[in-house]
Amino acid sequence: MKKPLLVGAAGCGSIIVEFGLNLAGIAYDYEEVDYSDDSPTRARLLQVNPLGQVPALVLPDGKVMSESLAILHWIQDQKPAVALIPPPGDAARADFYRWAVFLIAAVYPTWTYGDDGKKWVGGDAAAGKALRDSTDEHRKKLLKQMEGACGAPHFLGKRFSAIDLYLAAMSHWRPGKDWWSSHVPKLLAAARAAIDRPEVSRIIARDFKQQA
């Protein structure tokens with residue numbers, strides 16, 4: 001049987017989908033791309049996802065899914081026992097949707113627009129740096145807001161969820177673990193609880209050798 005193909009980039013948002021696929025026990029093929037504008041694999045990425053972003057999941061029937069949370073829903077549908085998303089009727093479901101969408105709609109874009117700020121301001125280096133600085137500061141405020149809602153040992157308390165997979169990845173990005181440890185220790189603890197799972201830890205070790 002043909003396997004789904006994950007198009008991704010090391011250390012980027014596609015690792016969140018890798019975590020989910022591994023936890024669900026879904027066999028998949030992986031294609032590494034570099035999404036930068038001058039990359040030789042850029043054309044291939046645009047062919048799969050016109051946004052030029054990872055992850056993209058090519059399903060066995062040829063359909064393409066993008067957006068990490070959508071793909072995690074697909075994983076949940078394929079393997080309900082993985083329990084990445086609280087089921088209908090579960091009291092934790094409303095909290096899951098609130099904070100999962102908060103992560104992808106509010107927190108995640110601070111990297112999207114800040115990583116290469118000048119790209120969004122006509123190539124102006126000074127304006128690009130200002131955009132990066134402002135999005136970095138905004139992200140800190142958003143993470144502190146999440147800290148106030150964080151349970152233990154997982155974000156939703158006793159229930160592990162896809163939110164913890166996002167935290168596992170994001171804790172390796174700006175502003176870095178020292179800041180997380182000082183300002184959002186509960187989020188960092190939830191991230192580390194997710195990383196303790198071998199299906200997650202092996203991807204972290206592969207892509208963040210100095211931080212794992």
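Below are the figures for this structure:
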quantity	calculated
Between the range 17-71 and the range 116-175, the alpha-carbon center distance in angstrom	21 Å
Among A169, V17, A152 the positive-end extreme of the charge dipole of the chain (Cβ point charges)	A152
Dipole magnitude of the chain about its Cα centre (Cβ charges: Lys, Arg +1; Asp, Glu -1), debye to nearest 20	440 debye
Distant-in-sequence amide H partners of G157 (H built 1.01 Å from N, under 5 Å)	G151, A152
Extended-chain gain in nm, criterion 0.36 nm per residue less alpha-carbon gap, D116 and A83	8.4 nm
Estimated distance in nm for a label pair at D38 and K177, the labels positioned 7 Å out from Cα along Cα-to-Cβ	3.3 nm
Magnitude of the charge dipole, the range 92-207, Cβ model with Lys/Arg +1 and Asp/Glu -1, debye to 20	240 debye
Relative contact order of the chain, pairs being alpha-carbon contacts under 8 Å that are 6 or more residues apart, as %	18 percent
Computed over the range 92-207: relative contact order in percent, which uses C-alpha pairs under 8 Å that are six or more apart	21 percent
Loop-resident sites, the range 131-203, for trypsin sites (Lys or Arg not before Pro), counting at most 13 other Cβ within 10 Å (DSSP)	K158
Estimated 222 nm signal from helices in the chain, with DSSP H stretches of n ≥ 4 weighted -39500 (n - 2.57), rounded to 500	-15000 deg cm²/dmol
Two-decimal Rg/Rh across the range 83-126, once Rg and the Kirkwood Rh are taken from alpha-carbon atoms	1.30
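Since every read-out is calculated from the coordinates, none of them should be taken as a lab result. Note that the structure is predicted; figures quoted are calculated from it, not measured. Positions of Cβ are backbone-derived with ideal geometry, glycine not excepted, and every protein chain shown enters the neighbour counts.
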